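Laboratory data are not the source of any read-out in this text; all were calculated from the coordinates shown. Values in this document were obtained by computation on a predicted structure and should not be read as measured data. Don't worry about glycine lacking a Cβ; one is built from the backbone with ideal geometry, like all the others, and counts go over all protein chains shown.
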Number of protein chains: 2
Amino acid sequence: MALKNKKSNFSEWYTEVIQKADLVDYGPVSGTMIIKPNGYSLWETTQKYFNKKIKKDGVQNAYFPMLIPERLLLKESKHIEGFAPEVAWVTQGGKSKLKERLAIRPTSETIIYDSYSKWIRSWKDLPLRYNQWANIVRWEFKHPTPFLRTREFLWQEGHSVFATKDEAESEVRKILKFYKDLFEKVYAVPVLVGRKSQKETFAGAEYTLSIEAVMPDGKAIQAATSHYLGQNFSKPFEISFIDQNMKKQFGYQTSWGFSTRSLGILVSVHGDDQGLVLPPKMAENKVVIIPIIFKKDKDKVMNVAQKIKSNLSKYNPILDDREGYSSGWKFNEWEIKGIPVRVEIGPRDVAKRQAVVVRRDTNEKKIVKLTKLDSEIQNMLKQIQNNLFNSAKARLTESIVNVSTLSELKKVVSNGKIARAYWCGSPKIEDEIKKKTGAKSITGEFVSSGKCIVNGRPATHRHYFARSY
Amino acid sequence: MALKNKKSNFSEWYTEVIQKADLVDYGPVSGTMIIKPNGYSLWETTQKYFNKKIKKDGVQNAYFPMLIPERLLLKESKHIEGFAPEVAWVTQGGKSKLKERLAIRPTSETIIYDSYSKWIRSWKDLPLRYNQWANIVRWEFKHPTPFLRTREFLWQEGHSVFATKDEAESEVRKILKFYKDLFEKVYAVPVLVGRKSQKETFAGAEYTLSIEAVMPDGKAIQAATSHYLGQNFSKPFEISFIDQNMKKQFGYQTSWGFSTRSLGILVSVHGDDQGLVLPPKMAENKVVIIPIIFKKDKDKVMNVAQKIKSNLSKYNPILDDREGYSSGWKFNEWEIKGIPVRVEIGPRDVAKRQAVVVRRDTNEKKIVKLTKLDSEIQNMLKQIQNNLFNSAKARLTESIVNVSTLSELKKVVSNGKIARAYWCGSPKIEDEIKKKTGAKSITGEFVSSGKCIVNGRPATHRHYFARSY
C-alpha cells in the first residue's frame, strides 16, 4: 500500500498523501477544499500555539466583516491594482441587486483601516495591535492544489498602528521571528528568511519580510509575510492621532499573515513513501497502541494495552482495538496518518512485561520494558522532533548553491536547487532572470557589497533565486 | 456616566452598552458588525467551553467551503424555499462572470451533505459527526442590531449522520442539553426548552428543538437549535450506506447550531445601568485591581498592588496603574466593562494589611485581610455566578403566565410577559394568534391533553407565546 514515489513524482505523491491521510478533500467549486478533521486539528494546534505567542506579546484578537465595499478597496491605488484581478464579487442579496458591489476580503487592510481611522484619536490609543483568524477568497486562475493554492483558505492577519516608524519596523521583525519559530520549532520546517524584492513586495507596503520554505521538488514557497506599510495606508485612510505635543500625526503601520498553506508545507517537507510524518508537537495523538491479539490471549493482552493507554494519557494515545483488521493493516493505516510513535503489544510481550516501540520517522524498532515506556517515549518524541528538523535543515542547506553568473544560476535552478546570488535589485533584471532561467527572486538580504551577476553593477541584494509556487 | 435606563429604554440601553463596553462596532456595509477584542474574547471563551464538550463526546471539527453552487442549494426544496430570500450571491471572479452563481453559505447542510454522500459507504463509516466554526451571511432586511441580528455572523454548526433514527434523535436531545448547559451554567442565562411549532421548524427538518431566552423587554429570542432532519436530506443527497446485512440504507441526520447572537443575549440579560455585567465564567479578567495613589505613598501602595496581582494571577487580574486618571474614573470604566470583582488598595489599607473588595453585580463592598483575599474572591466569584443565574431565573419564572383564553394571552403579552397556552398546533391558528396578539409560538412541549385556547379542540402543544426577535 505504498504511495507514489515522493522523490520522483512529488506532485502526485502530494495529491495522494493529503487524501489518504484524510487531511483534505476537494470542494464542489473548482479550486476550493474541505479541511477534514485530521487536517483541521493541525490548524487548531497551529492556532493554539500562535495565539499564545501573540497574546502574550499584547496582540488582541478581533473579527471584522468579510464583505468590503468597493469604494474602500479603491482607496489605496497599488493595493487595489494588486488584488483586483482576484476579487470575488457579491452583487446580489436575496432578490435585490446591490447598489454597490461588495468584495469578499482578499485581505483586510482596507476594511480594518476604515475602522482604525475612527477608533484612533490620541497617542494614548496607540499602539493598536489586532489580529483576526478568518477565511479569505482569492479568485486565482493558476492550477489549484489543496492547502498550497486554493480559492478560499484560512489564515490569520495582524494589523498594527504605532506612533513611530521605529516601533512599527521593530514589530515587523518581531513577528517574522514568531513565524520562524512556528515553522522551525513547532513544524520542524527550516526556512529562508529575508526581505522580498520590490516586485514581490505586498501591494501597498513599503517592504515585505518573509520566511520561505523549500519543497521536495526544489521549488520555493512563501510561508509567511510581515509587511512594513509605513504611512501608505494611514494617509488615504486618515489614521491620524494627536501626539503628546498636541500635533496631528499619521500612524505607522504593519500587517502580517500566514495561512493554511503552512499545512501543505508541513506535509510536503516531512512525508515519505509510507505517508504523512507528523512532528510530535503537531500530532494530536502522539502514540498509537496496537494490541496483537490471538483469540485465547485476548483478555490478557487487552488488559495490558488498556493500562498502557492510561499510563501514556499525556500523549493522547489511540488504542486501535478494532476487530476484523489485521495488525499489518493497522500499522499501515497509522503510518499513512503520520502518528509519531507506535506501540505494539502481543502475548509474548505481556509475558515479558515489555512492548515493541516503533518510530514513524526512521522506522526504528525498540523493545522496551513496560516500566520504562513513558520515559522512553518522551525521549523518542524529542528525538523525532529534532531529527525531522535536522534532516530537513541538512537538505535545505545542501540545496543552496552560491552562484556568480547567470548561466550558473540557470544550471542550479534546473537541477532543482536554490541559487544564491548578488544582484542590483532592478525589477527589469529580475524579469530578465525569470525569462532566461525560470527562477524568480524568493527573499534575501539587502547588502551594500558585491556585484550584480547580470550586469556587474554594485549589488543591493543577495537573494535566493528559485522556481516557486 | 450612567447609561440609558435599561428598564424603560432597553433598546437604546443595549446600543449604548455594547459600544461603551467596547464589544462591537458597526461595519461599513449596512447590517454588519465588527467584533472588537472585548467581544471576541467572549466568543473565544464560548468556543473553548463548547469545543471541549463536543470533542469529549466524539464530535470532530472540520471546515467546509463557504461558497455553495446554486445547484446544490436547490436539492432540498423546502430548504431552498426557506433560505433563498436571504442569500448573498457571488456572480463575478476577478473580471470574469461566473458560469454558475455561488451562494455565500446561509447554513451549510447542502455543501456538507454533498461530501457526506461521497464519504459514507458502509455502516462502518457511521456515525459521522462533524462540527465547524464559521462565518455565515444572511441578507436580511429586518432592522439589524449587533450580535442579535446581523447580515454576517459567526456560529458553529454540527452535522451528523447515523445508521438509525433512534441514535439521531438521541443526539438531537443530547446537543440541546449541551446548549442548555452552556447558557445556564456558563452564561448564567436561564432558558426555555422545547420543540418548535411546524411553522417555526428549520427549513428541511422533521422537527426542531430549541432553547429560548427572554430579553428585558419581554421579547423571546431563539438562542440555539437542534434539528432532527430524518432522511429529508439523505435521500436527495444520496447519503446511503450498506448495512450489516448488506442492504442499502439511507442515513438519519441531525444539524445543530448557535451563533454570536448568544453574546447579545448574555449582555442583555445581565447588564445594568452601570454597563456590562459579566458572569465570572465568561470574564477573561475576573478581577481588576485599582491602587488609590497619593504622591508620597505611591511606591508603598504599588508594591502591595503588584503583590496582590501576582497572588491573584489565576483570576487573570488587570492592575490599572495608569496615571492621569482618577480612581472614580477607573471604577466607572471597569464597571462599564463588566469585570466581576474590583479590588481597591490605598495607603490606609496597606497600613492595615487589607483591601476593599467590590462585587460588580450587587455593588456590595467588603473589607478583606490581604491573607484572605484569594479565598474571599474565589467565594465571591461563585456567588456572583450563582446570583446572576438565580436572579435571571426568578425574573424568567415570574414572567411566565399560564393563560386559557386568547384575550388573556393578548393581555399577558402586551404587558411584556410570556404566555403559556395549550393549542391544537395548527399553523392557521398560530397565524390567527399572531395577527390578534402580536405574539408567536416560541417553543414548548408536545402534549396529548388539554384544549386549544382558540378553538377548544384537543391540544397537541403546550407552548410559550411571546413577541420575539
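What the table shows:
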| read-out | value |
| --- | --- |
| Degrees, to the nearest 10: A:427-437 long Cα axis against longest axis of chain A | 40 degrees |
| Scaled radius of gyration (Cα, divided by 2.2 N^0.38 Å) that segment B:183-321 gives | 1.74 |
| Cut-off 17 Å (backbone N to label point 7 Å along Cα→Cβ of residue A:7), residues of segment A:331-366 | A:362-363 |
| Segment A:1-92: trypsin sites (Lys or Arg not before Pro) falling in loop per DSSP and having at most 11 other Cβ within 10 Å | A:7 |
| Sequence-separation-based contact order of chain A, relative, with Cα cut under 8 Å and 6+ spacing, percent | 14 percent |
| Antiparallel %, DSSP beta bridges [both residues in chain A], to 5 | 85 percent |
| Charge sum, other residues only, whose C-beta stays under 9 Å from residue B:221's C-beta, Lys/Arg counted +1 and Asp/Glu -1 | +1 |
| Kirkwood Rh in Å, taken over all unlike Cα pairs in chain A | 24.6 Å |
| P(r) of segment A:54-144 over all Cα-Cα pairs, binned every 10 Å from zero, in whole percent | 14, 39, 32, 13, 2 |
| Pairs of alpha carbons in the protein assembly as shown whose separation is greater than 48 Å (percent) | 31 percent |
| Inter-chain Cβ neighbour average for residues B:21-28, partner chain, 10 Å | 4 |
| Per-residue Cβ neighbour rank within 10 angstrom, fewest leading, A:96, B:240 | A:96, B:240 |
| Net +/- balance of residues flanking residue B:435 in space, Cβ distance below 15 Å, scoring K and R +1, D and E -1 | +4 |
| Per DSSP, loop chymotrypsin sites (Phe, Trp or Tyr not before Pro) in segment A:32-141 with at most 16 further Cβ within 10 Å | A:141 |
| Vicinal HN-Hα couplings computed from phi for segment B:184-194 (Karplus, 6.51 cos²θ - 1.76 cosθ + 1.60; Hz; Gly/Pro x) | 7, 8, 9, 6, 6, 10, x, 10, 8, 10, x |
| Backbone N within segment A:179-203 under 11 Å of label point (7 Å from residue A:446 Cα along the Cβ vector) | A:195-198 |
| Sparse-neighbour loop sites [trypsin sites (Lys or Arg not before Pro); segment B:294-393; at most 14 other C-beta within 10 Å; DSSP] | B:322, B:353 |
| Beta bridge orientation in segment A:10-270: antiparallel %, DSSP, nearest 5 | 95 percent |
| Mean separation of Cα contacts under 8 Å, 6 or more apart, over the residue count of segment B:10-270: relative contact order % | 20 percent |
| Where only C-alpha atoms are counted, convex hull volume of segment A:322-469 per residue in Å³ | 149 Å³ |
| Phi to ³J(HN,Hα) by Karplus 6.51 cos²θ - 1.76 cosθ + 1.60 over segment B:138-152, Hz, x for Gly, Pro | 10, 7, 7, 10, 5, 4, x, 9, x, 6, 6, 7, 9, 6, 10 |
| Charge context of residue B:451, other residues only, Cβ under 12 angstrom, K/R +1, D/E -1 | +2 |
| Debye, to nearest 20: dipole size of chain A, +1 on Lys, Arg Cβ, -1 on Asp, Glu Cβ | 600 debye |
| Diffusion constant of segment B:400-466 at 10 °C, which comes from Stokes-Einstein with the Kirkwood Cα-pair radius and 1.306 mPa s, µm²/s | 142 µm²/s |
| Principal-axis tilt of helix B:109-119 within chain B, Cα atoms, nearest 10 degrees | 70 degrees |
| Translational diffusion coefficient (Stokes-Einstein; Kirkwood radius from C-alpha pairs) of segment B:285-379 at 4 °C, 1.567 mPa s, in µm²/s | 99 µm²/s |
| Excluding exposed DSSP-loop GluC sites (Glu not before Pro) (at most 13 other C-beta within 10 Å), longest clean stretch of chain A | A:1-322 |
| Relative contact order %, segment B:1-157, counting alpha carbon pairs below 8 Å whose residues are six or more apart | 23 percent |
| Share, in percent, of DSSP beta bridges within segment A:287-380 that are antiparallel, nearest 5 | 55 percent |
| Distance (nanometres) between label positions extended 7 Å along Cα→Cβ at residue B:243 and residue A:313 | 3.8 nm |
| On Cα atoms only, tilt of A:165-181 relative to the major axis of chain A in degrees | 20 degrees |
| For segment A:1-78: span of alpha carbons on each principal axis (Å, largest first) | 52, 35, 24 |
| For residue A:428, inter-copy label distances in nm, listed shortest first [label point 7 Å out on the Cα-Cβ vector] | 8.4 |
| Computed [θ] at 222 nm, deg cm²/dmol, chain B (DSSP H ≥ 4; -39,500 (n - 2.57); rounded to nearest 500) | -10500 deg cm²/dmol |
